[in-house]
Every structure is written in structure tokens, then in C-alpha cells.
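The values are calculated or read from the model by the stated rules, or taken from the named source; none is laboratory data. Nothing here was measured: the structure is a model prediction, and the numbers come from that model. A quick note on method: Cβ atoms are made from the backbone with ideal geometry, for glycine too, and the neighbour counts reach across all protein chains shown.
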Amino acid sequence: MLLVIDVGNTNTVLGLYDGDQLVHDWRIRTEIDHTIDEYGVLIYNLYQSIRMNAKEIKSVTAIIISCVVPPMLNILEPLCVKYFKIKPLIVGPGIKTGMPIFYDNPKEVGADRIVNAVAAFDKYRKESIIVDFGTATTFDYVSPKGEYMGGCIAPGIVISSEALFARASKLPRVEFSKPKTVITKDTVSAIQAGIMFGYAGLVDGIVERMKAEVKSKPLVIATGGLARVVAPETKSIDKVEEMLTLEGLRLIYNLNTKIC
């Protein structure tokens, strides 16, 4: 089996593949202060939650990691060696992606953005805009030829909301959910409306500008933890692919090893 690990600034997502089939996935918090052994115990407990025994755990024969938090690699690489006896494949400069990257400095592009682009083009075989709702919200354009052309980055929903709560002392911290109306009659609903509909407008605005710039109508794909919540409130998102990054990691692993 192949274990894929996508390390984001806020959350880390793990997926377990049997061939090309995603059989299990988990989402945990990214904690740079955890030790190697603490993460080892955590992953072991995740396996226990699906009743994998020690023998089945040994069926993990390969690991690939995408990471945008460099200190986490100092934890995860030795963890893979210690607990799985596997040297992981790290998505970064020099790794094969099968996708030309047209960026002034390709080393600056977040690994997750490239992984998403690879998965999107492999599945749909057409030009696309990928919107990834993470700690930051990224917008990336893939050309009709399957080339990564760049994109833009906006503050994520959660950190935008946290900034509001931190700087406006009289406003309460609220749950991120859709209110019934835009013109609301209580403070909690007013904040929810501003966050939800304001962010949907941000997404539509950026996507519309990207479409105008490329003078075409790319397929718009949303991914990330909040994709399914925000997508219905937008006019621009065509597809939601919550496991896009995990699938991209599987594809890149196969491309670099020819086995899975």
C-alpha cells in the first residue's frame, strides 16, 4: 500500500491507497512542536481506528509527502524511517511531475499547488482553474496542454475570520456556516453572512479575472477542507474534488517509481 501525506500550514491530510483506490483518509492538525514519537503514536492510533493490526501496517510499502511547512520534514522523514522502515519520496525540486511549470522561479511554487494541478489535468484533460481552500486560498491555472501557468494567493477563510475576531473586540467568535439572508438582524448572522458571501464573492471575482486574462472558460475545480461548504455559494465553481491533492500525490509517486 501507498501512504500519501499532504502537510498544510493548519492541517495534515493522510491517505492510504491500495493500488489506485483510496481506502482510508484522515485529517489531523499540523503541529511542529510534536516529536517523532508523538506523531508515530498518532499515526498508529489512526490505523487502530480502522482496526489495522501490526501485520497490516507493514503492508505500507511506500510513502510520498507534500509539505509546505519545512520544519515538518525534519519530523516526518525520520518518522517514516523509524516506524515504517521506508525512506519517503518528497515532492520538491527535481521530482518528476509530468507537467511543465511556467513560473519565474519554479522552486517558489508550493508543492500542494503543483500536486493539485497534476491531479486536475489527469482527471479532466482540459484547461482548468484550481481553487484550494486551505490556510491560504490559492488559485492556479492549468493550460489546455497541461502546463502549470501560475496563479494567485489570497488569505484563507479561517485566518481572515481570526483576524476579524482578534481586532474587533466586541464581535463574538462565530461558527462558519451559511445564514438564511444577507441582510441579517443579529450580530452572529451578520458576521456569518459577511464571511460566507464575502468569500464567495472573492472567489467569483478572482476566477472571472483569470478567465478574462486567458480569454477562455476553463473548468473551475475546488478542493480543500472548506470547498464543499463554499462552492454552492459561488457562481464560478464547476466541480468539487476534496481528495484532489491526495490523488495528485499518488500520480506523482507512480510517475517517479512506475510501481504502487
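Structure notes:
- Residues considered: K145, K58, K126. Of these, the only one that is outside the structural domain of M196 (by TED's automatic domain parsing), among the basic types (K, R) and surrounded by fewer than 18 Cβ atoms within 10 Å (Cβ to Cβ) is K58.
- First in the range 185-207 and in the same structural domain as L164 (by TED's automatic domain parsing) and β-branched (V, I, T), second anywhere and part of a helix (DSSP H, G or I) and surrounded by fewer than 16 Cβ atoms within 10 Å (Cβ to Cβ), Cβ under 7 Å, 6 or more apart: none
- Among the residues of the range 57-74, those that are without any contact (Cβ under 8 Å) to a residue 60 or more places away in the chain and either more than 20 Å from the chain's Cα centre (by Cα) or over 16 Å from D37 (Cα atoms) (or both) comprise I57, K58, S59, V60, P70, N74.
- Checked against (1) buried (at least 17 other Cβ atoms within 10 Å of the Cβ); (2) part of a helix (DSSP H, G or I); (3) under 24 Å from the mean Cα position of the chain (by Cα), L255 passes all but a single condition, namely (1).
- Counted residues, the range 75-102 - those being without any contact (Cβ under 8 Å) to a residue 24 or more places away in the chain and surrounded by fewer than 20 Cβ atoms within 10 Å (Cβ to Cβ): 7
- Tally, over the range 44-78, of residues that are at pLDDT 90 or above and small (G, A, S): 2
- Qualifying positions in the range 155-182 - loosely packed, with under 13 Cβ neighbours inside 10 Å, in a loop (DSSP other than H, G, I, E, B) and over 26 Å from the mean Cα position of the chain (by Cα): A168, S169, K170, P172, K180, T181, V182
- Close contacts from the range 223-244, counting a first residue that is surrounded by 17 or more Cβ atoms within 10 Å (Cβ to Cβ) and a second that is in a loop (DSSP other than H, G, I, E, B), with Cβ to Cβ under 7 Å and a gap of 6+ residues or different chains, come to T223/E241; T223/E242; G224/G134; A227/E242; A231/I237.
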